[in-house]
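Structure, as structure tokens:
The values are calculated or read from the model by the stated rules, or taken from the named source; none is laboratory data. Note that the coordinates shown come from a computational prediction; the quantities given were computed from them, not determined experimentally. Virtual Cβ from ideal backbone geometry, glycine too; neighbours counted across all protein chains shown. Just so you know, the surface numbers come from the protein's heavy atoms only, side chains and all, with ligands and any DNA or RNA stripped out. Shrake-Rupley method; radii C 1.70, N 1.55, O 1.52, S 1.80 Å.
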Amino acid sequence: MTALPSLRETLDAHGLMAKKSFGQHFLLDLNVTRKIVRLAGPFDGRAVIEVGPGPGGLTRALMESDAGRVILVEKDPRFIPLLSELDDGSGRLTIVEGDALHVQEAALVTGPTHLVSNLPYNVGTPLLIKWLTGPWRPHALTLMFQKEVAERIVAQPGQSAYGRLAVIAQTVAEARLAMHLPAAAFTPPPKVASAVVHLVPRSDVPEPSVLKRLEQVTAAAFGQRRKMLRSSLKSLGGADLCDRAGIDPDARAETVDPAGFVRLAEASIL
Ligand code: SAM
């Protein structure tokens, strides 16, 4: 790895500029990318998928780690030749050109797999929902989001950031804020600060039908977050539904914990 030119030299040599439409803000300091990989690991030989490797700062740190395989999914074809230069001939690196929203992870990898990514801001939330509620389940996820999104993922009942994302993420995973990064850490700097969230999926997750209903219940409840649940959940059963779930019908969405929302989702399909 030490023989590789710096990331800035690599970008210059390939004449590459960041594209706004692809949400490109690069981490060019390998001390930072190594720290993120340390937070994500140890991998103990397990595979790692990195979405949006761009110039490969995180990829370099992943290739130095104990990951058994490193699978990259990058939408911008300009970066593929540059990423190929990180292939050390060991067979550990796989580069996929494509859109992570449409990639089927199960076709890329078998066995427990980590996700480690500095995600493009415009698709960060849909990707998280796909990985947390879709048929393919990662072993653990270490993901960079804009700070506000990271706070919404880990928010607790009663906090202003608490909403659908917190309920869904915390129902299926344990989530914690692992690291803050200022905008200046990126090239070019985005308008907002960022933060890394580490999520470990739980073994006891609700049935897919309950998860689907959880999305509907939280959409209704937080769509009118100032209203009492008897009113915001009217179309799903209102006060009756709340009684069946053991939730106070006069409560507001922001005070109900994720387990309470799961009970509401279960009661609404009985
Ligand atoms: N990981 C690099 C780093 O930390 O320097 C780049 C991070 S940059 C915030 C986001 C990267 O995701 C870009 O390389 C961009 O081209 C890529 N990207 C954007 N949308 C994507 C998508 N739907 N699927 C896969 N990659 C995507």
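Assorted remarks:
To keep it simple, each residue is scored yes or no on (1) more than 18 Å from ALA169 (Cα to Cα); (2) without any contact (Cβ under 8 Å) to a residue 40 or more places away in the chain; (3) out of contact with any helix residue (DSSP H, G or I) (no Cβ under 9 Å at 6 or more places or on another chain); (4) of a type in the set (Lys, Arg).
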site: LYS227; (1), (2), (3), (4): yes, yes, no, yes
site: SER232; (1), (2), (3), (4): yes, yes, no, no
site: GLY238; (1), (2), (3), (4): yes, yes, no, no
site: CYS242; (1), (2), (3), (4): yes, yes, no, no
site: ALA245; (1), (2), (3), (4): yes, yes, no, no
site: ASP250; (1), (2), (3), (4): yes, yes, no, no
site: ASP257; (1), (2), (3), (4): no, no, no, no
site: ARG263; (1), (2), (3), (4): no, yes, no, yes
site: SER268; (1), (2), (3), (4): yes, no, no, no
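- Among the candidates VAL109, VAL116, VAL167, residue that is of a type in the set (A, V, I, L, M), closer than 30 Å to ARG263 by Cβ and modelled with pLDDT of 95 or more: VAL167
- Some residue of region 258-268 being part of a loop (DSSP other than H, G, I, E, B) and out of contact with any Cys (no Cβ under 9 Å at 6 or more places or on another chain): no
- Residue match in region 147-167 (condition: in the same structural domain as TYR121 (by TED's automatic domain parsing), touching a Pro at 6+ places or on another chain (Cβ under 9 Å), of a type in the set (Ser, Thr, Tyr) and open to solvent by less than 20 Å² (accessible area, probe 1.4 Å)): no
- Pairing each residue of region 15-38 that is of a type in the set (S, T, N, Q) with any residue that is at pLDDT below 85 and open to solvent by 20 Å² or more (accessible area, probe 1.4 Å), provided the two are 6+ apart or on different chains, yields C-beta distances under 7 Å for GLN24/ALA18.
- Residue count, region 170-184 (criterion: within 20 Å of VAL116 (Cβ to Cβ) and either modelled with pLDDT under 95 or of a type in the set (Val, Ile, Thr) (or both)): 1
- Taken over region 106-145, the criterion of being more than 9 Å from the ligand (Cβ to nearest atom), touching a helix residue (DSSP H, G or I) at 6+ places or on another chain (Cβ under 8 Å) and polar (S, T, N, Q) is satisfied by THR113, THR125, THR133, THR142.
- Checking each residue in region 181-234 for being part of a helix (DSSP H, G or I) and among the polar types (S, T, N, Q) picks out SER209, GLN216, THR218, SER231, SER232.
- Note on region 28-50: residues that are open to solvent by less than 10 Å² (accessible area, probe 1.4 Å) and near the ligand (Cβ under 8 Å from one of its atoms) amount to 2.
- Residues of region 64-96 that are touching a Phe, Trp or Tyr at 6+ places or on another chain (Cβ under 8 Å) and either free of Cβ contacts under 8 Å to residues at least 40 places away in the same chain or open to solvent by less than 40 Å² (accessible area, probe 1.4 Å) (or both): SER65, ASP66, ALA67, GLY68, ASP76.
- For VAL103, the criteria (1) within 15 Å of the ligand (Cβ to nearest atom); (2) buried (at least 22 other Cβ atoms within 10 Å of the Cβ); (3) under 16 Å from the mean Cα position of the chain (by Cα) hold in every case but one, which is (2).
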